[in-house]
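For reference, the structure discussed in these notes is given below.
The values are calculated or read from the model by the stated rules, or taken from the named source; none is laboratory data. This structure is a prediction, so every number in the text was calculated from the model and none was measured. Cβ placement follows ideal geometry from the backbone for every residue including glycine, while neighbour counts extend to all protein chains displayed. Ligands, DNA and RNA are excluded from the accessible area calculation, which covers all protein heavy atoms including side chains. Shrake-Rupley method; radii C 1.70, N 1.55, O 1.52, S 1.80 Å.
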Amino acid sequence: MISTELVFTLLSDYGPWVVFASAFLSCLALPIPTSLMMLAGGAFAATGDLALTNVVAAAFIGAVIGDQTGFAIGRFGGTPALEKLARNPARKAVLAKAHAFVNRRGGLGVFLSTWAVAPLGPWVNFAAGATGLGWLRFAIWDILGETIWVTLYVGLGFIFASRIEILADLMGNIAGLLAALVVAAGALVWIKAMIRAHERHKHLAEEVANSAP
């Protein structure tokens, strides 16, 4: 786990470039604490060490390009690429969740995965490309979602510059709660849809039985 001190050192040495690289690589499922990096970037902007516009632009552009790269890997690599990614059992389980999320939610799933269920985001990018989700639809929802993600974390870092470590822990807990709520809501909608489908099937079967001579 990268410490807050190391994040501060990287920002001091490389400025917005490390924010860009962090956002880009994390969108390809590399274990990089980009949320902490953006919080710290906002804090550096608050103290005048970095320009706020540069931090925001670096995080946003890096995230969008990373998402587009993940989508392209899924689209052009297809099933073989996803099979390589899913060789690890844990990755296979996450990728299966991402597939289900995209199948149920489509573009809205892409939007939610960029900020509400961010740990699922990179896998949603791969799955969206592989399942044939339209590129324009993906891009629009992705840009909207990344706008929220970047604004939220950089903005909070800017406002609460003196309490970054506490804020990082708090945001991690909130992110976990949001992810759980979104997954629970998705499961509830799916269950309701299955119940309605079962009821329609049962009603149709009764109609057929009643109409039989």
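Brief remarks on what is shown
- Modelled spin labels at residue 159 and residue 30, positioned 7 Å past Cα toward Cβ, are 3.1 nm from each other.
- About the centre of its Cα atoms, region 28-101 shows a dipole size close to 440 debye [charges on the beta carbon of Lys, Arg (+1) and Asp, Glu (-1) only; nearest 20 debye].
- Net charge of neighbours whose Cβ lies under 15 Å from the Cβ of residue 34, counting Lys and Arg as +1 and Asp and Glu as -1: -2
- Under 13 Å, Cβ to Cβ, from residue 77 - net charge with Lys/Arg +1 and Asp/Glu -1: +1
- Extension gain for the segment residue 90 to residue 49, taken as residue separation times 0.36 nm less the Cα-Cα distance, is 10.8 nm to one decimal.
- Leading residue at positive end of dipole, region 13-107 (Cβ point charges), from 98, 18, 44: 98
- Counted charge near residue 68, where neighbours are those whose Cβ lies closer than 14 Å (Asp, Glu -1; Lys, Arg +1): -1
- Over region 87-155, the alpha carbon radius of gyration divided by the compact-protein estimate 2.2 N^0.38 Å works out to 1.08.
- Label point 7 Å beyond Cα of residue 79 along Cβ direction - residues of region 108-146 with amide nitrogen under 15 Å: 130-132
- Each 5 Å bin from zero up to the one holding the largest Cα-Cα distance in region 1-148 carries the following percent of pairs: 2, 11, 20, 21, 17, 13, 9, 6, 2, 0.
- Heavy-atom accessible area per residue - region 1-157, 1.4 Å, Å²: 46
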